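A short worksheet on the structure shown next.
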Amino acid sequence: MMTEAQLGRLLPACLHQAIADLLPDRLEYYEEWLSPDGLRDGTIGLAPVSAVLGFLRTEGAAYQRVMARAGELAAAWSLAEWPALQRRIASSLPLAVRTRLALRAARKIAQSVLASSEPSARVRRGQATLRLKTSVFCLTRETQPRPLCDFYAALAVATLASFQVTSTARIESCRAMAGPACVVALDIVGAGRAEDTAIAA
C-alpha cells in the first residue's frame, strides 16, 4: 500500500504549474490541495494529490492536457539539474546510446515521482517501453474507460527529446483499466537495430 512518504515533491509542483498554464481560471480551486505553502515546504502528500487527480478527471479532455504538460515539466525540471557539460556530452553520443541514457533518466524521474512505482525500461530495434508497477494516477475505485498514464507518456517523450531523440508514445497497459502494470510503448525515430537492452539502475 502506498504511503505519503513515497510521494516525491516533483509531482505536486508539476501539477500546480500545469494547471496554472492550462487552466488558470481553476488554479485557485486546485490550490485548496496544492497550496503554495505546501509546495514550498514539500508537505503535499498522496491524499491531496489524489484529490486533485480525481477532480481533474471530471474536467474532460483537460485531464490529458494537464497530465501531458506536467510530464513535460517533470522532464525539463529534472534534466535542468544535470551539469551543462554532462548534457553536452550526452547529446554528442550515438543515437542508440542516447536512447538508452534517456530511458534511464526517464526511469529515474519516474522513481522520484513515486518511490513504489518500480519503473523499468527496455529498448530494442527502434522500439522501447517504460513499465511502472504502480502509478499514483491509476488509484481509482472504478475501472476507467481510457488510460490515465498520460503523464508518463509525456515524460518519456520529453526526456528522449532532451537527448535529441525523437519519439512517439502510446499507452499499452494501464492499471486504471485493470491492466497488470502501466506500460508506455515508444517508437524511436532512427534508433536502428539496437540490441535488446534492459535499462539498469
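The values are calculated or read from the model by the stated rules, or taken from the named source; none is laboratory data. Being a predicted model, the structure only gives us computed values, none of them experimental. Cβ placement follows ideal geometry from the backbone for every residue including glycine, while neighbour counts extend to all protein chains displayed.
Taken together, the residues in the range 33-55 that are in contact (Cβ under 8 Å) with a residue 24 or more places away in the chain, of a type in the set (A, V, I, L, M), surrounded by 13 or more Cβ atoms within 10 Å (Cβ to Cβ) and out of contact with any strand residue (DSSP E or B) (no Cβ under 6 Å at 6 or more places or on another chain) amount to 5.
Given the condition touching a Pro at 6+ places or on another chain (Cβ under 6 Å) and farther than 20 Å from G54 by Cα, answer yes or no: does some residue in the range 95-108 qualify? Yes; the residues of the range 95-108 include at least one that is touching a Pro at 6+ places or on another chain (Cβ under 6 Å) and farther than 20 Å from G54 by Cα.
All conditions in (1) under 22 Å from R100 (Cα atoms); (2) touching a strand residue (DSSP E or B) at 6+ places or on another chain (Cβ under 7 Å); (3) not aliphatic (A, V, I, L, M) hold for G179, with the sole exception of (1). Scanning the range 1-21 for residues that are surrounded by fewer than 17 Cβ atoms within 10 Å (Cβ to Cβ), modelled with pLDDT of 95 or more and aliphatic (A, V, I, L, M) returns a single hit, A20. For first residues located in the range 4-30 and in a loop (DSSP other than H, G, I, E, B), partners that are polar (S, T, N, Q) and lie 6+ apart or on another chain with Cβ distances below 6 Å form the pairs G8/S112. Being out of contact with any Lys or Arg (no Cβ under 6 Å at 6 or more places or on another chain) and not in a helix (DSSP H, G or I) is a description that does not apply to E72. Each residue in the range 138-161 was checked for being surrounded by 23 or more Cβ atoms within 10 Å (Cβ to Cβ) and polar (S, T, N, Q), and 1 of them qualify. Scanning the range 113-130 for residues that are within 23 Å of R57 (Cβ to Cβ) and either assigned to a loop (DSSP other than H, G, I, E, B) or at pLDDT 95 or above (or both) yields P119, L130. Specify the residue that is modelled with the lowest pLDDT; the eligible residues are those in the range 137-178 that are of a type in the set (F, W, Y) and under 14 Å from the mean Cα position of the chain (by Cα). Going through the qualifying residues, I end up with F137. Looking across S92, S112, S135, S116, one residue alone is without any contact (Cβ under 8 Å) to a residue 60 or more places away in the chain, surrounded by fewer than 18 Cβ atoms within 10 Å (Cβ to Cβ) and hydroxyl-bearing (S, T, Y). It is S92. The residue of the range 58-92 that is nearest to the chain's Cα centre (by Cα), among those that are small (G, A, S) and more than 30 Å from Q144 (Cβ to Cβ), is A80.
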